Amino acid sequence: METIILVVVIAVVVLAALGGLVVGSRRKKPLPPPPPSTPDITAPPAEPHVGDEAETPREEPRRTIEEVDLPGGPAPVVVEEPPAAEAPAIEIPEPTAGRLVRLRARLSRSQNALGKGLLTLLSREHLDEETWEEIEDTLLTADVGVLPTQELVEQLRERVKVLGTRTPAELRGLLREELVKLVGTEFDRTVKTEPEDRKPGIVMVVGVNGTGKTTTTGKLARVLVADGRTVVLGAADTFRAAAADQLQTWGERVGAYTVRGPEAGDPASVAFDAVKEGKEMGVDVVLIDTAGRLHTKTGLMDELGKVKRVVEKHAPLDEVLLVLDATTGQNGLVQARVFAEVVDITGIVLTKLDGTAKGGIVVAVQRELGVPVKLIGLGEGADDLAPFEPEAFVDALIGE
């Protein structure tokens, strides 16, 4: 019995000790941190809450912009509006009357070799066969052509023989007279732009690339404007990049309207629209710049013929001007011959006569085509295109 009581007491003591250990271990463990308190979110003054808690805004003092101290730093950048594009100023071209006389010095600088060479040879005391052969060579070198050279030499032989004694003044007068006769004064060199029965006059400009065709068309517009005409330009050269832009720039300088089409478009369509626009606007002249055709390409030349036929659905062409580079010499005659077969050339424009060109090409090309040189180009200036005057041209050839 005592044993049982002892066992029970020991068990109670053990249980009490184990309970104390458990309670002590629990007290040593740290308590978890308390949950964070919900922050108070205060709405900015004078602004209403959202939703069900909305309230009437309260009136509170506000600072104006003058009272706010702005932070220091560079001045704000002011973006200026780009100025509106201004229309180009309309230029007043030089009058065409006497233009070739004003440009005579420029022409004579490159042509004096012909005139001075002939005068030197004719001034020799004895004009033997060798001298006459030299005269022929001088004329042929100047691109006068074989037949015109033979005619001129025969005339000079006869007149020198009759003249006998030859003073420098007499020789100059003799040579001038024969050269004027050779260049020809019987041609009508007027550019036809005023048909009697209708408006506008229609002028088509043709030629090989590189002859200055588009530039010549623009300069011709200046010539016409200087003479008091109104002009529409047709940019039918749709195959050369920027040709239409170039022509439009020329037109804008003198107030001429330019009709153009898409690049690589149908040139005949552009030419047709240009004449139509010219009629509706009531202008005096329509100038049509065509693509530079390689005269050896039959298909391209046929297309040029198509442009001519399409334009003539409106009215007949008054002028077909062929632009030739005077420095190409006899090669220009080959071009002239082929163009004449396709579009019936009515006049010739010789460009670059102020360079290394030889003045005799004027005679040769007129003989080849049977049509007159009507305009000549004597430089890069805007007003360096001049009506051709035989007497002024010959005076430039032989000098003072």
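If I filter the range 381-390 for residues that are of a type in the set (Asp, Glu), open to solvent by less than 30 Å² (accessible area, probe 1.4 Å) and out of contact with any Gly (no Cβ under 7 Å at 6 or more places or on another chain), do I get at least one hit?
Checking the range 381-390: at least one residue is of a type in the set (Asp, Glu), open to solvent by less than 30 Å² (accessible area, probe 1.4 Å) and out of contact with any Gly (no Cβ under 7 Å at 6 or more places or on another chain).
Specify which of the listed residues (GLY212, GLY207) is at pLDDT below 90 and within 13 Å of GLY347 (Cβ to Cβ).
GLY207
Can you pull out every residue in the range 173-207 that is in contact with a Leu (Cβ under 9 Å, 6 or more places away or on another chain) and either among the hydroxyl-bearing types (Ser, Thr, Tyr) or on the phi > 0 side of the Ramachandran plot (or both)?
Answer for the range 173-207, where residues must be in contact with a Leu (Cβ under 9 Å, 6 or more places away or on another chain) and either among the hydroxyl-bearing types (Ser, Thr, Tyr) or on the phi > 0 side of the Ramachandran plot (or both): THR193, GLY207.
Could you list, in sequence order, all residues of the range 275-296 that are part of a loop (DSSP other than H, G, I, E, B) and either modelled with pLDDT of 90 or more or among the aromatic types (Phe, Trp, Tyr) (or both)?
GLY282, VAL283, ASP284
Go through THR216, THR211, THR249 for me and flag whichever is crowded, with 19+ Cβ neighbours inside 10 Å, under 16 Å from the mean Cα position of the chain (by Cα), in a helix (DSSP H, G or I) and not basic (Lys, Arg).
THR216
Filtering the range 152-167 down to residues that are assigned to a loop (DSSP other than H, G, I, E, B) and open to solvent by less than 80 Å² (accessible area, probe 1.4 Å), which residue is farthest from GLU389 (Cα to Cα)?
GLY164
Go through the residues of the range 275-283 one by one and say whether even a single one is under 25 Å from GLY377 (Cβ atoms), over 20 Å from the mean Cα position of the chain (by Cα) and surrounded by fewer than 23 Cβ atoms within 10 Å (Cβ to Cβ).
yes
When the range 129-145 is examined, which residues are found to be among the β-branched types (Val, Ile, Thr) and either in contact with a Leu (Cβ under 7 Å, 6 or more places away or on another chain) or at pLDDT 90 or above (or both)?
Listed by number, the residues that qualify are THR131, ILE135, THR138.
Given the options ASP344, ASP383, name the one that is under 28 Å from the mean Cα position of the chain (by Cα), at pLDDT below 90 and more than 30 Å from ASP197 (Cα to Cα).
None of the others qualify; the one that does is ASP383.
What do you reckon, is GLU170 more than 30 Å from HIS126 (Cβ to Cβ), free of Cβ contacts under 8 Å to residues at least 24 places away in the same chain and open to solvent by 40 Å² or more (accessible area, probe 1.4 Å)?
The answer is no for GLU170.
Hydrophobic (A, V, I, L, M, F, W, C) and closer than 26 Å to LEU375 by Cα: which single residue out of LEU171, LEU156, LEU179, LEU163 fits that description?
Values: LEU171 fails: closer than 26 Å to LEU375 by Cα; LEU156 fails: closer than 26 Å to LEU375 by Cα; LEU163 fails: closer than 26 Å to LEU375 by Cα.
None of the others qualify; the one that does is LEU179.
Name the single residue, out of those in the range 82-109 being at pLDDT below 75 and under 24 Å from the mean Cα position of the chain (by Cα), that is nearest to VAL225 (Cα to Cα).
Among those that are at pLDDT below 75 and under 24 Å from the mean Cα position of the chain (by Cα), it is ALA89.
Here's a check for you: in the range 255-274, which residue that is open to solvent by less than 60 Å² (accessible area, probe 1.4 Å) and in contact with a Leu (Cβ under 9 Å, 6 or more places away or on another chain) is modelled with the lowest pLDDT?
Across the range 255-274, the extreme among qualifying residues is PRO267.
Considering only the range 152-198, state which residues are at pLDDT below 90, basic (Lys, Arg) and under 38 Å from the mean Cα position of the chain (by Cα).
Listed by number, the list holds a single entry, ARG198.
Could you tell me which numbered condition PHE239 fails, if it satisfies all but one of (1) part of a helix (DSSP H, G or I); (2) under 21 Å from PRO262 (Cβ atoms); (3) of a type outside the set (Gly, Ala, Ser)?
Single failed check for PHE239: (1).
The values are calculated or read from the model by the stated rules, or taken from the named source; none is laboratory data. Fair warning: this is a prediction, and the values are worked out from it, not measured in the lab. Reconstructed Cβ throughout: ideal geometry from the backbone, glycine too, with neighbour counts over all protein chains shown. Only protein heavy atoms, including side chains, enter the accessible area calculation; ligands, DNA and RNA are left aside. Shrake-Rupley method; radii C 1.70, N 1.55, O 1.52, S 1.80 Å.
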